[in-house]
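What follows is a short report on a single structure.
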Amino acid sequence: MYQYDEFDTRLTNERIGEYRDQVARRVTGDLDEDNFRNLRLRNGLYMQLHAYMLRVAIPYGLMSSDQLRKLAFIARTYDKDYGHFTTRQNLQYNWPELEDTPDILAHLAEVDMSAIQTSGNVNRNVTADAFAGVARDEIEDPRPYCEIVRQFLTLNPEFSWLPRKFKIAVSAAAEDRAATTVHDIGLLLIHNAAGDTGFRVLVGGGLGRSPFLGKVLRLFLPKDDLLPYIQAILRVYNMEGRRDNIFKARIKILVHELGIERFKDKVEAEFEASAGDPLFIGTEEEARIKAQFAAPPYRALDEYDPGHEALLRENPAFAQWATHNLAAHKQAGYAIVNLPLKPIGGIPGDVSADQMDFIAGLADTYSFGELRATHRQNLVLADVAKSDLYSLWQALDDAGLAPANLDRITDIICCPGMDYCSLATARSIPIAQRISERFADQERQDLIGELKLNISGCINACGHHHIGHIGLLGVEKNGEEFYQITVGGSGARDADIGRIIGPAFASEDVVDAVETLVDTYLDIRAPGERFLDTLRRIGSEPFKERLYATD
Amino acid sequence: MTQHMLTANRLSNGAVVYLQGGGGWSGDIQSGQVVAAEQCEALEAEGPLGMAANIVVAPYVIEVEGNQGNYTPVRRRERIRAFGPTVVEQDAPSSQKSEDLNHVPV
Amino acid sequence: MPLIKDGAVRADGWIYLGDDDDPADGQSVIIDYARWHAGDAAIAGHNGPLGIRMRSDQAPELIKDDLGRFDVIALEFLGIADGRSFSHARILRDRMGYGGELRAVGGVLEDQIFFMRRCGIDAFELDPGRDIGRAMAALTQFSAPYQASSDGLEPATSRRHSGR
């Protein structure tokens with residue numbers, strides 16, 4: 001993975017010095033809250049319901065075990081012994097104190113981490129497929145490009161006062177595990193017929209108040225044009241994005257209002273006009289960054305590991321875990337291991353400091369000291385030899401970290417909601433917990449199969465409910481919490497925005513409602529169909545009838 | 001007759017606080033100063049004082065119900081602010097807020 | 001209004017000409033774009049240095065054929081909510097090759113000065129009461145930015161290999 005050199009370190013430390021000074025001036029009153037708020041957001045510090053919240057960047061979701069241990073240390077020393085993984089592969093702390101935050105950033109810098117640009121009207125964390133570099137269906141490792149883009153957009157002087165936040169996601173595989181279709185820019189790394197590396201560029205996707213799927217801007221952008229093209233998109237957005245209305249300020253609105261053809265014309269004109277600009281990145285730098293993502297020292301193994309296969313036959317619990325949580329690795333004899341952070345009845349995406357240390361140790365022992373955070377608020381140990389899977393599973397199982405529920409109905413995406421977030425209109429976590437408990441039974445979960453359920457506590461959609469097969473949106477009606485149900489969304493290659501199925505449900509009724517949807521699906525599905533497939537085949541009417549039947 | 005308090009977040013740690021009768025800010029809603037609707041404007045005017053002194057940020061008036069010793073905010077969001085998250089955090093023995101409940105004079 | 005230029009606080013030799021006033025002979029005046037666009041005879045015939053003030057919603061395209069007339073282009077920066085002029089500055093420098101003074105005006109914040117400079121701004125008008133020391137220090141806030149911009153500074157991505 002990328003390791004800071006003296007330039008990265010210097011930038012990060014100078015940034016901390018600047019921030020430390022800002023905090024000191026805020027405390028004495030030299031800096032007022034309005035100006036300070038804008039500045040602290042650019043280092044990831046929010047004010048939430050009960051406390052500050054610090055959002056730490058995990059660039060494209062990739063972490064080392066040392067970094068995870070440092071996150072644990074920070075949780076213990078400055079917070080309440082836990083952290084929360086988000087839908088953008090970041091980590092959030094819910095209880096930091098203001099005057100500790102410069103020290104927290106200094107600790108993060110010790111392990112090449114920061115909170116730079118995790119909030120504010122700037123470019124946010126570039127997210128990626130959590131299986132990047134190892135997935136069998138991958139075309140080419142996109143991570144070097146993620147790092148190239150990260151550096152290009154960090155403290156970029158032209159694009160630090162955008163109309164609104166900007167989010168880029170990158171995928172390089174047949175499956176889209178990074179929800180690229182609902183990002184401001186979605187990049188799909190591809191090869192053209194000649195085998196050259198390039199990107200299909202989507203623009204104007206997004207969730208929130210007005211969900212949109214991204215539209216194709218370029219079918220094939222040569223990789224050497226990536227930075228100038230991103231600059232062109234950002235420049236058009238910076239100059240023409242709406243600044244009159246905060247709810248209409250994302251690039252998706254500009255693309256929608258201009259239409260993709262006019263928007264494209266502007267971007268292409270801008271791109272062509274900047275052809276003479278100073279070189280964005282040289283071949284030496286590209287090679288240097290690529291070298292940092294070289295494959296780990298894999299052992300030469302056979303794809304078929306008889307020992308592993310025997311253990312699968314002998315141990316049903318191990319087999320169940322393996323069936324659910326493993327994914328195919330491009331290297332023979334290795335597997336991608338998913339660690340869902342969705343214990344039954346637990347808070348989705350939360351991990352205790354002890355668990356962080358434990359998982360870091362497992363990463364060292366079994367996965368070359370690295371791990372990833374995913375879009376669905378889970379973790380991944382990406383490079384585990386098949387012959388190690390059993391001992392890994394035993395360790396996870398002993399620690400209660402081996403639920404067999406990846407992509408099952410209890411693998412819920414859930415925002416912090418009104419228990420923590422000052423933007424929320426309803427609580428989301430208790431709903432996730434109740435749904436998780438209702439569907440706890442493993443057999444039933446497996447009978448249901450793949451079902452992506454996403455919960456947002458407000459219209460800002462941080463829980464990505466729009467792209468859930470079932471989505472729940474918390475709203476307020478007469479002072480009570482209600483939940484609007486959407487169905488048919490997806491953030492994968494079959495991307496779609498979910499549609500509201502009918503009137504919202506009261507908190508006490510919404511879990512029953514979800515169960516009704518699931519039972520309806522089980523009753524009418526054809527063999528091999530997921531919930532999403534059945535819904536798409538027959539439409540939402542049959543579900544709606546059952547849901548709102550009065551009897 | 002409606003009852004109102006002034007709430008804010010403490011600058012130093014973001015903790016939820018309530019303006020007390022003596023002018024200080026406390027994390028304990030039971031020690032918050034309660035006023036009737038007619039005095040809301042005057043109450044609101046205290047907010048900028050706390051901000052100017054760099055003690056609090058984002059002050060605003062909320063409605064509470066109940067009596068001395070069992071005041072509860074009317075809105076759920078404010079109840080959550082007053083009494084903490086309604087969920088039990090990882091490894092936490094309870095969902096108690098950590099904010100000090102002591103009176104802090106201005 | 002204090003003016004920072006070439007790394008120091010300097011006397012400002014320019015005045016902003018009121019829309020109804022005519023420039024005196026030889027006077028260094030800055031006029032609003034609207035007045036330039038109107039083709040005012042007094043301005044067209046002005047015998048002295050001329051500058052133009054562009055609002056943040058006025059793109060450089062509007063004056064691209066007239067750049068030779070202006071010794072100063074004042075770009076309006078409206079604080080934290082409006083970053084358009086950063087792009088305008090870069091376009092003026094990189095694409096249109098403007099070599100005169102690019103001045104940030106309107107509400108310059110210290111935290112933006114470094115970024116403004118990197119976008120090609122070489123003069124900064126500070127509102128009265130702003131901390132000049134802090135503004136001056138801001139000019140050199142970060143010693144090793146990642147990316148190339150309009151200030152000619154070699155970025156880290158290149159310095160790593162050139163040994164500078």
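Any read-out appearing in this document is the output of simple, stated calculations on the displayed coordinates, not a laboratory observation. Keep in mind the model is a prediction, meaning the values are calculated, not measured. Cβ coordinates were reconstructed from backbone atoms using ideal geometry, including for glycine residues, and neighbour counts include every protein chain displayed.
Brief remarks on what is shown
- Kirkwood Rh in Å, taken over region A:385-468 so that all alpha-carbon pairs contribute: 14.2
- In terms of packing, defined here as the mean over residues of other Cβ atoms within 10 angstrom, the peptides A:279-285, B:26-32 line up highest first as B:26-32, A:279-285.
- Unpartnered cysteines - no second Cys beta carbon under 4.7 Å - across chain A: A:Cys146, A:Cys414, A:Cys421, A:Cys458
- Only Cα pairs under 8 Å and 6+ residues apart enter the sum, and on that basis the relative contact order of chain A stands at 13 percent.
- Cα centroid separation - region A:457-526 against region A:217-273, whole Å: 32
- Normalised by 2.2 N^0.38 Å, where N is the number of residues, the C-alpha radius of gyration of region A:158-220 stands at 1.20.
- 5 angstrom amide H check on C:Arg53, placed H, neighbours 5+ away: C:Ile31, C:Asp32, C:Tyr33, C:Ala74
- For A:7-14, mean number of other protein chain Cβ atoms within 10 Å: 4
- For the cross-link pairs A:Lys477/A:Lys544; A:Lys215/A:Lys452; A:Lys165/A:Lys342; A:Lys223/A:Lys342; A:Lys80/A:Lys452, the ones whose C-alpha atoms lie over 26 Å apart are A:Lys165/A:Lys342; A:Lys223/A:Lys342; A:Lys80/A:Lys452.
- Charge dipole of region C:3-162 (Cα centre as origin; +1 on each Lys and Arg Cβ, -1 on each Asp and Glu Cβ, all else neutral): 880 debye, rounded to the nearest 20.
- 25 Å Cα-Cα reach of C:Lys64 towards lysines, excluding residues that sit fewer than 8 places from it in its own chain: A:Lys264, A:Lys266, C:Lys5
- Environment charge at B:Met1 (Cβ cut-off 12 Å; Lys +1, Arg +1, Asp -1, Glu -1): -3
- Among the trypsin sites (Lys or Arg not before Pro) in region A:289-323, those placed in a DSSP loop whose Cβ has at most 16 other Cβ atoms within 10 Å are A:Arg299.
- The alpha-carbon positions of region A:6-110 define a convex hull whose volume is 106 Å³ per residue.
- Residue by residue, region A:147-162 carries 3J(HN,Hα) couplings of 5, 4, 5, 4, 5, 4, 9, 7, 6, 5, x, 7, 10, 9, 9, 6 Hz when phi is fed to the Karplus relation 6.51 cos²θ - 1.76 cosθ + 1.60 (θ = phi - 60°); x denotes Gly or Pro.
- MRE, 222 nm, helices only [DSSP H, n ≥ 4, -39500 (n - 2.57), over chain A, to nearest 500]: -11500 deg cm²/dmol
- Rounded to the nearest Hz, the phi-derived 3J(HN,Hα) couplings of region A:17-23 under the Karplus curve 6.51 cos²θ - 1.76 cosθ + 1.60 (θ = phi - 60°) are x, 4, 5, 4, 5, 5, 5, where x marks glycine and proline.
- Among residues other than C:Lys5 with Cβ under 14 Å from its Cβ, the summed charge is -3 (Lys and Arg +1, Asp and Glu -1).
- Sparse-neighbourhood loop sites, GluC sites (Glu not before Pro) in region A:392-482 - DSSP loop, at most 16 other Cβ within 10 angstrom: A:Glu450
- Mean separation of Cα contacts under 8 Å, 6 or more apart, over the residue count of region A:134-289: relative contact order %: 20
- For region B:3-83, diffusion coefficient by Stokes-Einstein and Kirkwood Rh (Cα), 25 °C, 0.890 mPa s, µm²/s: 200
- If you take the Cα centroid of region A:373-429 and the Cα centroid of region A:304-351, the two points sit 13 Å apart.
- Of the trypsin sites (Lys or Arg not before Pro) in region C:59-144, the ones in a loop by DSSP (not H, G, I, E or B) with at most 14 other beta carbons within 10 Å are C:Lys64.
- For A:Lys386, a cut-off of 23 angstrom between C-alpha atoms picks up these lysines, skipping any fewer than 8 places away in its own chain: A:Lys330.
- Proximity of backbone amide H atoms, modeled 1.01 Å from N, is registered between A:Arg493 and A:Asp176 at under 5 Å, excluding neighbours fewer than 5 places apart on the same chain.
- Spherically averaged projected area in nm², based on the convex hull that wraps the Cα atoms of region A:391-521: 9.0
- Remark on B:Val16: its backbone amide H falls under 5 Å from those of B:Arg10, a criterion applied only to residues 5 or more positions apart or on other chains, H modelled at 1.01 Å from N.
- Radius of gyration over Kirkwood radius for region A:134-289, both on Cα atoms: the Rg/Rh ratio is 0.95.
- Phi-based couplings in Hz for region A:140-145 (Karplus 6.51, -1.76, 1.60; Gly and Pro marked x): 6, 4, x, 4, x, 5
- Once the convex hull of all Cα atoms in chain A is built, its volume per residue stands at 162 Å³.
- Pairs of Cα atoms nearer than 8 Å and 6+ residues apart set the relative contact order; for chain C it is 19 percent.
- Span from the region B:47-91 Cα centroid across to the region C:13-74 one, whole angstrom: 55
- Estimated from the Cβ-Cβ distance and a Förster radius of 30 angstrom, the FRET efficiency linking B:Ala36 and A:Lys477 is about 0.60.
- Cα coordinate range in region A:244-396, projected on the principal axes (Å, largest first): 63, 44, 30
- If R0 is 45 Å, the Cβ-Cβ spacing of B:Gln68 and A:Ala440 corresponds to a FRET efficiency of close to 0.55.
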